[in-house]
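The values are calculated or read from the model by the stated rules, or taken from the named source; none is laboratory data. Everything numeric here is computed off the predicted structure, so don't read it as measured data. FYI the Cβ positions are ideal-geometry reconstructions off the backbone, even for glycines, and counts take in every protein chain you see.
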Amino acid sequence: MPSTPSREILWNVNSLPAVVTMYALFAVALLVAASGVLRRVELYCSGRADDRLTVPSPGELLKRWGDLFENGLGQRKVARPFSPAAVAHILVYIGFLALLFATSMVFVDHDLGIEIYRGHFYLAVTVMSDLLGLGVIFGCAIFAQRRYLRPVDMAHTRSIDGWFLGSLVLMCVQGYVLEGLRIHVTGDPWAIYSPVGLAVAKLAWGLSPSAAKLLHLVTWWFHAVTVFAAIGLLPYTKLFHVLASSANLFLERSLRPRGAVRSDGDIMGLMERESEPRFGLSTIKDYTWKQLLELDACTSCGRCQDACPAYRSGKPLSPKWVVLDTRNHALALHAKGAIGSSHMPEALRRLDGTLLGGLLLGRSGLTPQGDHLVYEQDGTFRAKNEAVQKAALQIGGSADALIAGEVINPETFWSCTTCMACVEVCPVGINHVDQIVGNRQSMALMRGELPHEAQATLRALENRGNPYGDPADRIKWAHGLELPILKAGDKVDYLYWVGCVSAYDARKQKIARSLVQIMQAAGLSFGVLGVAEGCSGDPARRLGEENLFQSMAKQNIELLRSISFKYVVANCPHCFNTIKNEYPQFGNLADGAQPQIIHHTMLLKELLAEQKIRVKDSQQALTFHDPCYLGRGNGEYDAPRDTLRSVKGLRIIEMEESREKGMCCGAGGGHFWMDLKNGERINKIRTDQAAATGAKMIATGCPFCLHMMEDGVKLTQREEQGFEVRDIAEVIAANLITGEEEPAEHGQH
Ligand code: SF4
Ligand code: SF4
């Protein structure tokens, strides 16, 4: 028995012709793979500019590596929720890495002559790859079960993906057979470290050594051809997402906060500079290189679709299919050379076009019809939601085809509430909202195609600066309150930005009055803008009316700059997000140090923590509905909860979908102002979720959410059962200890 554990590399095939042939095949595989990858890079390079390559500091660069390690190598988002699919992905991923590592060690030892594949290291790598290979097979079995035995909605996209799964299993099985036959013939003394290979060797006990060697040789070449085919076809199979998603995760971090809409800059300047200015995403040629990369990074996992309130309520929108339809469109055009110029030799370009068309698109459920592709007739594999089955129109017809209108049904884009649930769950860092709002911008600005339900609101914003009524009525909510109305030159600590809904809507005015009551009780220096305040512009921007938004933003910035303040407090998360994250795209709110923009729950939390206000105990139980633009848009989940927890005795019962997973109320993305009457009501679903907690009170921190949840309570006839909806400011105001009043337990001492 040799003293140093190892094995003969290339046992039974170590002849010069065999090695030369193997490397020749490997070179061909690498050439095909490299040309496919480079062609894809050429496609991305054909996209418009994007700021993702701007890294302002070494710290930012470190964060990007952190993103890649956390979600790429670390698979953090893939592991959540911990489901059979997550287990399968992790098993395949880890097993694949282990097998790749073991193969690389063989190469380093044999071809580079570095004697590394020996001793304890050899034994550790052998046992690890042997066992983790089983994990790959098990993981593929779970994927196959989901693909073929679960309902059609889980069987995403292409049959080539099924072949790819099969080839992974085949490669592992081939490896075990090779190992077993080698052990059978050589009597490998270290075979115990290859338990699966040893088991295969035992199965081969009746084979003569010469028959086993022949079988080994045939299997070895079969294995080599399978591996090289997998390498060569990498850009045309699901495995390509390993490269594209890693690149996308590294580039995911944007200088722009998540809640902010992507801006092409000052629209008036753009119109002056360019003779034919283009706004938003009209055709695939308008997508940035980063957006084209995102399309390729999609693994079709369906997490975004499962989280999407529009999809779940039967509207014609699946964020997954928006990505996949656009990707198929881009790749079909790329395959026929309609987009993306090339510096590659003609032969490689053709090969890439053929493989792309034949393998990737030809097996995507797409059927050629004239000059474009359509999904096969029943389309059931596309989604459970029937409206989504019909959302794709013509794929890959022309590079000038309008994405919203000719490639995808425009209603798809209008159905989005911009809740960012898709962005939150996507394990590979895709920003669906950017693409959706970009298409809205094209429809609104380039073609004037807006849902008629939204037009009245936009007209009102343009004419009156608010969606409700006479600007002179804006301050009526404050009737009877002694409230400083700020004018140019005034100085306060807190500027309270009321927002249109809380200023005009009788029910939501109670939020504003409650907040004023609290700020007065805390003795804060604050004021409001009164009739000078206009809409923040959030609905205009989310409806694609970028021009209108920008003029409103500039007007408000000018107004805010005329007053001196340390904080802007907004009780509407949409105003909060717009002023905090979007106004800086157009100007500063002050010269020098910038004021802080805070949501009212952040102020309430602070006032309670500093005991500037005190509240009575309460034995109430309530559930909290996270506003999307406070939570996912700005990462603020704790301030509302901490505020509520300051009320002693008050119990928060969390909904199953809360915090990052919180479901939208259905009002975002301009939907508060346009009722598209498609599918089920989102607020009804959310109200059912709230009621499932057993709490009779739903608290929230947004006037839109409050409206939608109250509407949901009415729709589900829960009013009679005593259900009520309150803003957190109302909850705190109702429990506020005022004047000399003391809480009961204080009085006992
Ligand atoms: S933002 Fe929300 S509504 Fe829009 S696609 Fe994403 S999950 Fe669906
Ligand atoms: S969550 Fe991301 S990777 Fe998964 S289907 Fe949606 S877009 Fe694709």
Please determine whether any residue of the range 426-444 is away from ligand 1 (no atom under 16 Å from the Cβ) and crowded, with 18+ Cβ neighbours inside 10 Å. yes
Would the range 403-411 turn up any residue that is touching a residue at least 60 places away in the same chain (Cβ under 8 Å) and closer than 30 Å to D505 by Cβ? yes
Search result, residues across the range 259-301 that are small (G, A, S) and assigned to a loop (DSSP other than H, G, I, E, B): G259, A260, S263, G265, S275, G280, S282, S300
With the requirement that a residue be part of a loop (DSSP other than H, G, I, E, B) and within 13 Å of T457 (Cα to Cα), what does the range 518-543 give you? C535, G537, L543
Could you say whether any residue in the range 140-161 is under 30 Å from V19 (Cβ atoms), hydrophobic (A, V, I, L, M, F, W, C) and either in contact with an Asp or Glu (Cβ under 6 Å, 6 or more places away or on another chain) or surrounded by fewer than 18 Cβ atoms within 10 Å (Cβ to Cβ) (or both)? no
Working only within the range 214-243, note down all residues that are hydroxyl-bearing (S, T, Y) and part of a helix (DSSP H, G or I). T219, T226, Y236
Can we say V501 is crowded, with 22+ Cβ neighbours inside 10 Å and touching a residue at least 12 places away in the same chain (Cβ under 8 Å)? yes
Do the conditions hold for A86, that is, is it under 30 Å from I116 (Cβ atoms), among the small types (G, A, S) and in a helix (DSSP H, G or I)? no
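Residues are listed down the side, and each one gets a yes or a no for (1) modelled with pLDDT under 90; (2) not charged (D, E, K, R):
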{"residue": "A347", "(1), (2)": "no, yes"}
{"residue": "L359", "(1), (2)": "yes, yes"}
{"residue": "S364", "(1), (2)": "yes, yes"}
{"residue": "D378", "(1), (2)": "yes, no"}
{"residue": "A391", "(1), (2)": "no, yes"}
{"residue": "A404", "(1), (2)": "no, yes"}
Qualifying residue in the range 370-390 (condition: of a type outside the set (F, W, Y), part of a strand (DSSP E or B), on the phi < 0 side of the Ramachandran plot and within 16 Å of ligand 2 (Cβ to nearest atom)): no
Of a type in the set (G, A, S) and either in contact (Cβ under 8 Å) with a residue 24 or more places away in the chain or not in a loop (DSSP other than H, G, I, E, B) (or both): is that true of G36 in this structure? yes
The one condition in (1) assigned to a helix (DSSP H, G or I); (2) more than 16 Å from ligand 2 (Cβ to nearest atom) that L402 fails to fulfil: (1)
Among the residues of the range 64-74, are any in contact with a Ser or Thr (Cβ under 7 Å, 6 or more places away or on another chain) and either in a helix (DSSP H, G or I) or among the acidic types (D, E) (or both)? yes
Matching residues in the range 287-330 - criterion: being of a type in the set (S, T, Y), more than 9 Å from ligand 1 (Cβ to nearest atom) and more than 14 Å from the chain's Cα centre (by Cα): Y287, T288, S313, T326
Where A247 falls short, out of the listed (1) assigned to a helix (DSSP H, G or I); (2) more than 42 Å from the chain's Cα centre (by Cα); (3) surrounded by 17 or more Cβ atoms within 10 Å (Cβ to Cβ): (2)
Of everything in the range 639-690, what is out of contact with any Asp or Glu (no Cβ under 9 Å at 6 or more places or on another chain) and free of Cβ contacts under 8 Å to residues at least 12 places away in the same chain? Give them in sequence order. R645
Picking from G135, G119, G139, the residue that is in contact (Cβ under 8 Å) with a residue 24 or more places away in the chain and on the phi > 0 side of the Ramachandran plot would be G119
Within the range 307-327, tally of residues that are within 13 Å of ligand 2 (Cβ to nearest atom), in contact (Cβ under 8 Å) with a residue 60 or more places away in the chain and in a helix (DSSP H, G or I): 10
For the subset of the range 43-60 comprising residues that are part of a helix (DSSP H, G or I) and under 21 Å from the mean Cα position of the chain (by Cα), which member is farthest from M344 (Cα to Cα)? E60
